[in-house]
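All of the numbers you see were taken from the coordinates with simple rules; none came from a lab. The model shown is predicted, which means the values in this text are computed figures rather than measured ones. When we count neighbours, we look across all protein chains shown, and the Cβ atoms used for this are built from the backbone with ideal geometry, even at glycine.
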Amino acid sequence: MSPQKSPTTKAASEAQLIARAQQGEESAFAALFETHKRRVYSLCLRMTGNTAEAEDLTQEAFLQLFRKISTFRGESAFSTWLHRLAVNVVLMHLRKKGLQQVSLDEVDTSQEEPVKRDYGDDDRRLLGSIDRITLLRAISNLPAGYRTVFVLHDIEGYEHNEIAEIMNCSVGNSKSQLHKARMKLREGLRGDRSRMGFSAPVAAGDPRKEEQ
Amino acid sequence: MKERIARSAGCDQFDAELAAYLEGESRPQVVAHARQCGYCAATLSDLEQIRMSARELPWEEPSPAVWANLRAALEAEDAFRVPGDRWAWLGHLGLLRHPAPVGALASLAILGTLFTLSPARLEPVRTSEAGLVAGLGENAPAVMSVDEAAWARTIHELEDTYRAREPFLEPELKVTYRQSLDSLNGSIRECLTSLQAEPTNTLARDYLLDAYSQKAELLTSAIEFSGR
């Protein structure tokens, strides 16, 4: 096994790769693709919920990247640049598909009432960790706007001000959409769990419960 | 036992402050209320669980076709002013330390074409075979489509060949292959378990086919290396 590269070594070797790619060296393109393909593909997959679309978008993002690579001057981290480019490629694709929910500025919901829960349901909670496939499916079932904010914030780690800039909406709207996305996701996951009988009851002693 | 829920004023305040609390703002009422209210405690616990699970989602691997298509597009645009070794990019795969042989790629291309163009011609395998492939033993679910069963059988055959040739691999390479195979077996098991619980789960089916495709690719390349 080769020793783990330090961040400094990694950055230096990436800078060399970028310089070589700017000279049009094929193996440098390949190495950059290899280094970043998983993150870009995962982003595309989670934002679209479709493997074929995700692969096409990954290809498109890297194609745009390599076309523009000669303009990269290193002011920002290469991965940040690539990631933002990939987000834009996916958003453009979703908008072309006519998914209006992707635009969050149409209806600013940041000042709306808090999300109400349906108290007709039982109060059981999700049990333990949520497996990857179930979670990914629930995410893919979210409306496009909710899904985008959830993926960017909770999975990719973007801050609300960054999401607001990307989505051209207010910070408050981004926060509000995220909360709704999480609540909707919970609803979907609880639906899955109930169908499979996986929910766990809460501890006894809840003062609001009465036996019938 | 059936339970009836009564909503309180504390629940309304909890709802109003929950989003801010999850954003990291100080909202002591949220925690205080959740301690007394099972319904709100379940909501809070679920949302925290969702957030944590989302953060821990692993990165996914795109199929090798993505680079092949990208490379072709770049080549068509004359982007490569310094052409490299045609297969040198494979040397950058964490899995492989050396360029993969053309034979392995040719085998994969044939496999891919076979499964893409004429899956119906391939006979399905018994689910017990699929279970062996995935490490599920006799507990394998009877949920495989013809495509999946065909992949499973092909992989089973590749595994037999690989097992016979594994002793000839360099020790370091053997460890690397074994770790990758274990990881892919884990993914396959996870998909089959999901499909067993819910046979209509199309995402699990997509992942299963991806995992089979990657495993076939891995085994083919391992077999090629062992013969060098």
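Could you please rank B:TRP59, B:TRP151, B:TRP67, placing first whichever residue has the fewest other Cβ atoms within 10 Å of its Cβ?
Working: B:TRP59 13, B:TRP151 27, B:TRP67 20.
With the fewest neighbours first, B:TRP59, B:TRP151, B:TRP67 line up as B:TRP59, B:TRP67, B:TRP151.
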Checklist entry - Among A:MET183, A:MET47, B:MET52, which comes first, second and so on when ranked by fewest other beta-carbon atoms within 10 Å? => result B:MET52, A:MET183, A:MET47
Checklist outcome for this item: Per-residue Cβ contact counts at 10 Å, fewest first, order B:PHE225, A:PHE72 as A:PHE72, B:PHE225
Item to check | the stretch A:12-98 - charge dipole about Cα centre, Lys and Arg +1 at Cβ, Asp and Glu -1, debye rounded to 20 | outcome: 360 debye
Next on the checklist: Under a Cβ-only charge scheme (Lys and Arg +1, Asp and Glu -1), can you give me the dipole magnitude of the stretch B:9-55 about the Cα centre, in debye to the nearest 20?
Outcome noted: 180 debye
Checklist entry - Roughly how many nanometres apart are two label points built 7 Å out from the Cα toward the Cβ at B:ALA20 and A:GLU159? => result 2.0 nm
